[in-house]
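The values are calculated or read from the model by the stated rules, or taken from the named source; none is laboratory data. All values reported here derive from a predicted model rather than from experimental measurement. Positions of Cβ are backbone-derived with ideal geometry, glycine not excepted, and every protein chain shown enters the neighbour counts.
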Amino acid sequence: MIGKTGSGKTVKVRNLIADESRVLCFDTTGHDYDDGVVFYDVKSLKTFWDKVYLKDFRLIYRPLNEVTEFPLICGLVWKCQDLVFVAEEIDLFCKPNGTPDEVRTILKRGRHRDIRFIGVTQRPYGIDRSVTAMGTEFFIFKTDEPRDVDYLAERFGSQIREQLKVLEQYQYIQLTDHGHSEIGKGEL
Ligand SMILES: Nc1ncnc2c1ncn2[C@@H]1O[C@H](COP(=O)(O)OP(=O)(O)OP(=O)(O)O)[C@@H](O)[C@H]1O
Ligand SMILES: [Mg+2]
């Protein structure tokens, strides 16, 4: 999920996960997700999760320090398997050449464990290229920061510049790595 602030990313993620039965949201801002059991420290999350990891769950993790806690949460996600894992503000912990191994493992091999990762960011330019390279589906909302637009043009082709210019509020361009592209909009 890529797009500037207020463009509709979090609303779209909430739509996407509404009917999922095993979900964990890494809620860096602390107010994006409220449909689930909320945890504030890794130990409590782990204790709870040890009991429910074979069942359905909706969990929200609100970190005190997202940079140090994200790899720990990724480690738990990896062990749990078969879930949707949402992370807001991934530019904070997927910096160029600075993506922790635990994060990389989920992106690279999560598919084999039915881990579907949804990463959200306002700033694609500031993200480790190896992370965006592993993405299979992209929702690109309104973006106008020149460095971000340049990055998107480089990654998805220069036609995206014109597409972004005519994108309406809360609309997104949905792109898959098979080359499919369509315009959509989340539902409030
Ligand atoms: N599809 C939509 N239809 C109507 N209103 C919407 C839609 N999507 C978003 N909004 C409105 O815009 C606000 C901001 O949307 P959202 O929180 O999804 O933005 P965001 O891209 O996640 O922003 P940020 O990067 O700052 O977190 C929402 O609270 C809602 O009021
Ligand atoms: Mg948001």
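Summed over segment 50-68, residues that are buried (at least 20 other Cβ atoms within 10 Å of the Cβ) and in a helix (DSSP H, G or I) total 1.
Residues checked against (1) out of contact with any strand residue (DSSP E or B) (no Cβ under 6 Å at 6 or more places or on another chain); (2) buried (at least 17 other Cβ atoms within 10 Å of the Cβ); (3) not in a helix (DSSP H, G or I):
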position	(1), (2), (3)
Leu76	yes, yes, no
Phe85	no, yes, yes
Pro96	yes, no, yes
Thr132	yes, yes, no
Asp148	yes, yes, no
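When segment 49-68 is filtered for residues that are touching a strand residue (DSSP E or B) at 6+ places or on another chain (Cβ under 8 Å), at pLDDT below 95 and either aliphatic (A, V, I, L, M) or farther than 29 Å from Phe141 by Cα (or both), only Trp49 remains. Consider segment 1-16 and keep the residues that are surrounded by 22 or more Cβ atoms within 10 Å (Cβ to Cβ) and within 13 Å of the chain's Cα centre (by Cα). The one that is nearest to Glu137 (Cα to Cα) is Met1. Here the condition is being without any contact (Cβ under 8 Å) to a residue 60 or more places away in the chain and surrounded by 14 or more Cβ atoms within 10 Å (Cβ to Cβ); of Thr143, Thr105, Thr121, Thr136, it holds for Thr105 alone. Taking segment 10-48 as the range and being of a type in the set (Val, Ile, Thr), more than 21 Å from Asp82 (Cβ to Cβ) and outside any loop (DSSP other than H, G, I, E, B) as the test, the residues that pass are Thr10, Val11, Val38.
Within segment 1-30, residues that are farther than 19 Å from Pro124 by Cα and modelled with pLDDT of 95 or more have Cβ atoms under 8 Å from residues that are within 13 Å of ligand 1 (Cβ to nearest atom) and aromatic (Phe, Trp, Tyr) in these pairs: Arg14/Tyr33; Cys25/Tyr33, counting only partners at least 6 apart in sequence or on another chain.
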